[in-house]
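Below: the structure, in structure tokens.
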Amino acid sequence: MEAAKQSKVSRAFFVREATGLVRELSWFDTFLCGFGILNVGLGLVQAFAYAPYVFPGSNIALAFVIALPGAFFIGLLNSLFTAAMPRSGGDYVWVSRSIYPVVGFAVNFFVTFSVIAAAAVNIWYLASNFLAPAFYVFGLKDVAAWVATGPAAIILGIPAILLLILIFSLGLNTVRRVMLVLFLITGVGTLLWLLIMALGNNNGFIAGFNGLMGANAYQGMIQTAKEAGRTVDPAQSGRYSFYAMIYAFQMYSGFQMIGYFAGEIKRVSKSAIQAIMVALAAGALFFIIGALVVVRYFGNEFLGAVAFLANSAPDKLNLPLGAYLSSFTIFMTTNPLLRIIVSLGFLATIIWILLPQMLIVTRNMFAWSFDRLIPSWIAQVNERTHSPIIATIIAGVLIYVMLLVTLLTKFWAYLVNLAGVGALVGMVVAAAAIIFPYRRKDIFDKAPSLVRKTIFGVPLLTWAGIFTLITQGLVVYVAFTTPSIGGAVSMGSLLASLAMFIIAFPLYLIPYYINKKRGLDNSLAYKELPPE
Amino acid sequence: MTEIKIFFASDIHGSEICFRKFLNAGKAYQADAILMGGDITGKMIVPMVETGGGTFAFQWLGTPYAVSREELDGHLQQIRMSGCYPYQTTPDEMALLEEKPELIKDIFRKTLMESVRQWLYLAEERLKGSGIECYITPGNDDDLALDEVFINQNVVCNPEHKLVYIKDDLEMIACGYSNRTPWNSPRELNEEDLWKVIDGMAQGIANTQRAIFNFHCPPFDVGLDLAPRLDKNLKPIAGVGGVDTAPVGSKAVLKTIQAYRPMLGLHGHVHESRGVVKIGRTFCVNPGSEYSEGILRGCLILIDQKGVKDYMLTAG
């Protein structure tokens, strides 16, 4: 304290007129960027589509609470890495610099593949669970019924992807503007949806459901699920609520993307951590309260029955539209305006989520191109449109191919193990955080004081890495020991998922040797140059 | 020469660690020539006030310090490495500077010129006899007075407003000026005037097929010049999904590249717009900058008889 008192100087620094000296983004600006990506409405819908089936009797609100400390450490890890290397652009470079470039590429390749797979599933659900209800509330019931089918997703996937390509070909600012509009529509729709549930009750929903589906249809759904084999063991409720946290983790993801634009955050160590933590806390609050409201309104047994039938006996699921909660708007209110606003909100939310997914895929292609791992023409910016048309088209085609693979084969069943393998990849990032302060002391020593903080002599970043490693390890354990995740877990399904990580190694090493032969050694791309 | 390998970096903004890495890049990457594309001087002076009893007070990265003269050296080194200039002063001088801020300009000029002078000594020490050619161009943020520091240098060449031959083969013209920015930096011109300057230089090139245009400012709206869009208070405009961007490159540079179609365009200026693009037959690169973290971003370019054979973006 004494030193601090003595050292008071009238000015910390003098600045001259030079480019780039912009006013800093406030933590709230930064928070908005991150919170927008944390999609509360879609998160709740997706959590209730799977968790009650895989972990019958689990308490989803509790799962969101249990997942919070783990998400906190993942957020802390991201904040500290971002503060240490604000312009590096994310986990690809963090892992490359901390471990080896090939490992960084493997992590990034797998993340890209996962995002492509997730985008494909989102386009599938866009048709069945989001577009169909929108058609329904506008009175186009036959169209809605057709849209909810698998073949419709194959056909509608084409215009959906063409629309994505069009938006991206108009440039990133257009993408952000579209995101803003969709975010506003989503926000209004989600809040209204939550409000209808909060002001209503289970009896109201039952009346609405039975009114459209026939007398006792609500109880009938629960009964059908029981007859189809759904059982709930109350003794397992606690354990399953704990396991259900793996879905909660998936819903919490997204706020970490703040790291992608950290270059613009001036006091990054303070702003990034504040923004990430507040986004996480606000998201958690929405998820936990939202989950409680959903259960109170729809009824736990009913939600479990719907999820069970949708995933294990879809032929017995007698619903006019999809089985996502977004399709249930028609049972929640008879007011056509409310139906339209909520349905459009949900439609906006699923389109909205496709934009950052597309952004991640094209951005990563750019990074690979710059690292000479894929041909440079892929990331070439078109002279007329000033946007990376080829990379955008390739991303769109890959998403569509994955949509076909998902709908026409059993491949996706294997790929659900991506959750587990994704956590394995998360463990690699955690390992990078653990060793970074020791292996890249040169960067660590220059990092802001918060990054250099130690607890019991161990850097905070290392602690964040250790706890993230434990958290992700837990997800891996749950993912690979729960039979319902990824169908029947076999060595084959595990290897199919792992293959997407392993395949990255030859994909890196082959161009590496080709480039080396041509006179450029890729291993030097991230190698620290000696200053002395 | 059948193949020439050049290393290009830019915008180190006074970071001594990045400059030292730059000097070693030729050897580490086995490059024949190393080129620095401008904005070599820092933006910030950290006053270290002698408070009596041999104690110096200053603030660094938000932390206040009071250190003895013996402890000072380590801190001076750390500040220089990050791109800031430590400036030893007294409470009286600080009071005077508060009163007459116009004096700060002179202090900046003297400090950054002395710093670059020291760098050039270091360059001479490290590169003399190595066979590695070294070209350093000032950028729009570099004071005009800096040019005199480069006069009569044996090892380092400031190629601005000259036609130079890299390895006696590749013709290169260089310009550190940019189009207008909101900061009124030392080397800025209107687009029309900038075009006259660079077009005048380009006219002197004998073979544009193998020429290099080393222009600090990137061409307009080709993907190498995207910077945060700012509001009237110079604050980035941000919202859901990130920060808005806008192209800030030069139309004059684009026009010149399109007219002369050189082999290679080397650019910097916009730190966040790292990338490579082709404009017609011209391969253009902006290696970006991560100087504040002490990381030297650059681009290694392999040139053969046909032109640019390959490249690799680096972060060393």
Can you tell me which residue among B:Gly38, B:Gly83, B:Gly42 is under 30 Å from B:Asp168 (Cα atoms) and either aliphatic (A, V, I, L, M) or within 21 Å of the chain's Cα centre (by Cα) (or both)?
B:Gly38
Log entry, pairs with first residue in segment B:70-90 being farther than 17 Å from B:Leu296 by Cα, second being aromatic (Phe, Trp, Tyr) and crowded, with 20+ Cβ neighbours inside 10 Å, beta carbons closer than 6 Å, six or more apart or on different chains, reads B:Leu72/B:Phe56
Number of the exception - A:Trp412 against (1) surrounded by fewer than 21 Cβ atoms within 10 Å (Cβ to Cβ); (2) among the hydrophobic types (A, V, I, L, M, F, W, C); (3) modelled with pLDDT under 80; (4) within 30 Å of A:Pro101 (Cβ to Cβ)
(4)
Of the residues B:Leu120, B:Leu127, B:Leu96, which single one is within 14 Å of chain A (Cβ to nearest Cβ) and surrounded by 12 or more Cβ atoms within 10 Å (Cβ to Cβ)?
B:Leu96
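I'd like to know if segment A:337-345 contains one or more residues that are open to solvent by 20 Å² or more (accessible area, probe 1.4 Å) and farther than 23 Å from A:Ala291 by Cα. Break it down into steps so the answer makes sense when it comes.
Going through segment A:337-345, the residues open to solvent by 20 Å² or more (accessible area, probe 1.4 Å) turn out to be A:337-341, A:344.
Retained after the next criterion (residues that are farther than 23 Å from A:Ala291 by Cα): A:337.
Scanning segment A:337-345 turns up at least one residue that is open to solvent by 20 Å² or more (accessible area, probe 1.4 Å) and farther than 23 Å from A:Ala291 by Cα.
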Of the residues in segment B:24-36, those that are crowded, with 21+ Cβ neighbours inside 10 Å and facing another protein chain (nearest Cβ under 9 Å) come to B:Ala25, B:Tyr29
Can you name every residue in segment A:114-127 that is more than 12 Å from A:Leu354 (Cβ to Cβ) and surrounded by fewer than 22 Cβ atoms within 10 Å (Cβ to Cβ)?
A:Ser114
Spans of helices (runs of 4 or more DSSP H) in segment A:424-532 with at least 3 residues modelled with pLDDT of 95 or more
A:460-481
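If I ask for residues that are surrounded by fewer than 18 Cβ atoms within 10 Å (Cβ to Cβ) and under 22 Å from A:Pro314 (Cβ atoms), which ones from segment A:185-216 would you list?
Listed by number, the residues that qualify are A:Asn210, A:Leu212, A:Met213, A:Gly214, A:Asn216.
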Scanning for something surrounded by 14 or more Cβ atoms within 10 Å (Cβ to Cβ) and of a type in the set (Lys, Arg), does segment B:64-72 turn up at least one residue?
no
For the condition at pLDDT below 90 and either of a type outside the set (Lys, Arg) or open to solvent by less than 20 Å² (accessible area, probe 1.4 Å) (or both), what is the one hit in A:Met332, A:Met365?
A:Met365
For residues that are of a type in the set (A, V, I, L, M) and at the interface with another protein chain (Cβ under 7 Å from one of its Cβ atoms), scanning just segment A:506-526, find the one that is nearest to the chain's Cα centre (by Cα).
A:Ala525
Please give the number of the condition A:Phe366 fails out of (1) part of a helix (DSSP H, G or I); (2) touching a Phe, Trp or Tyr at 6+ places or on another chain (Cβ under 8 Å); (3) over 21 Å from A:Ala152 (Cβ atoms).
(2)
For segment B:261-278: of the residues being open to solvent by 10 Å² or more (accessible area, probe 1.4 Å) and within 21 Å of A:Arg384 (Cβ to Cβ), which is farthest from the other protein chains (Cβ to nearest Cβ)?
B:Arg261
Do you know which of the residues in segment A:369-383 that are farther than 16 Å from A:Asn522 by Cα and within 11 Å of chain B (Cβ to nearest Cβ) is modelled with the highest pLDDT?
A:Trp377
For segment B:219-229, which positions are more than 8 Å from chain A (Cβ to nearest Cβ) and touching a helix residue (DSSP H, G or I) at 6+ places or on another chain (Cβ under 7 Å)?
B:Pro219, B:Phe220
At least 1 residues that are within 25 Å of B:Gly316 (Cβ to Cβ) and within 14 Å of another protein chain (Cβ to nearest Cβ) in each: list the helices (runs of 4 or more DSSP H) lying fully within segment A:75-163 that qualify.
A:91-98, A:101-125
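Scan segment A:128-146 residue by residue and report those that are among the aliphatic types (A, V, I, L, M), surrounded by fewer than 20 Cβ atoms within 10 Å (Cβ to Cβ) and in contact (Cβ under 8 Å) with a residue 12 or more places away in the chain.
A:Ala145
Residues are listed down the side, and each one gets a yes or a no for (1) among the hydroxyl-bearing types (Ser, Thr, Tyr); (2) over 23 Å from A:Arg97 (Cα atoms):
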{"site": "B:Gly265", "(1), (2)": "no, yes"}
{"site": "B:His271", "(1), (2)": "no, no"}
{"site": "B:Asn286", "(1), (2)": "no, no"}
{"site": "B:Ser289", "(1), (2)": "yes, no"}
{"site": "B:Gly298", "(1), (2)": "no, no"}
{"site": "B:Val308", "(1), (2)": "no, yes"}
{"site": "B:Gly316", "(1), (2)": "no, no"}
I'm trying to understand the selection: among the residues of segment A:363-410, which are aromatic (Phe, Trp, Tyr), touching a helix residue (DSSP H, G or I) at 6+ places or on another chain (Cβ under 7 Å) and within 16 Å of A:Ile116 (Cβ to Cβ)?
A:Phe366, A:Tyr400
Any residue at all in segment B:104-113 that's part of a strand (DSSP E or B), open to solvent by less than 50 Å² (accessible area, probe 1.4 Å) and over 17 Å from B:Glu16 (Cβ atoms)?
no
Given (1) closer than 16 Å to A:Val401 by Cβ; (2) among the β-branched types (Val, Ile, Thr); (3) open to solvent by less than 30 Å² (accessible area, probe 1.4 Å), A:Ile155 misses just (3)
Segment A:348-368 residues that are within 12 Å of chain B (Cβ to nearest Cβ), paired with ones that are open to solvent by less than 10 Å² (accessible area, probe 1.4 Å) and not in a helix (DSSP H, G or I) (beta carbon under 6 Å, 6 or more apart)
none
Looking only at segment B:9-29, decide whether some residue is modelled with pLDDT of 90 or more, within 30 Å of B:Leu313 (Cβ to Cβ), assigned to a strand (DSSP E or B) and in contact with a Leu (Cβ under 6 Å, 6 or more places away or on another chain).
yes
Only one of B:Asp106, B:Asp142 is without any contact (Cβ under 8 Å) to a residue 12 or more places away in the chain, within 14 Å of chain A (Cβ to nearest Cβ) and either within 23 Å of B:Asp32 (Cα to Cα) or of a type in the set (D, E, K, R) (or both); which?
B:Asp106
Among the residues in segment B:155-177, are any within 14 Å of chain A (Cβ to nearest Cβ), open to solvent by 30 Å² or more (accessible area, probe 1.4 Å), part of a loop (DSSP other than H, G, I, E, B) and in contact with a helix residue (DSSP H, G or I) (Cβ under 9 Å, 6 or more places away or on another chain)?
yes
Criterion first (within 14 Å of another protein chain (Cβ to nearest Cβ), over 28 Å from A:Ala67 (Cβ atoms) and modelled with pLDDT under 85) does A:Gly263 satisfy it?
yes
Subset of segment B:284-297 (residues that are part of a strand (DSSP E or B) and more than 9 Å from chain A (Cβ to nearest Cβ)):
B:Cys284, B:Val285, B:Asn286
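The values are calculated or read from the model by the stated rules, or taken from the named source; none is laboratory data. The shown structure was predicted, so the numbers you read here are calculated from the model rather than taken from an experiment. Quick reminder, even Gly has a Cβ in these numbers, built from the backbone with ideal geometry, and neighbours come from all protein chains shown. Surface accessibility is based on the protein's heavy atoms, side chains included, excluding ligands, DNA and RNA. Shrake-Rupley method; radii C 1.70, N 1.55, O 1.52, S 1.80 Å.
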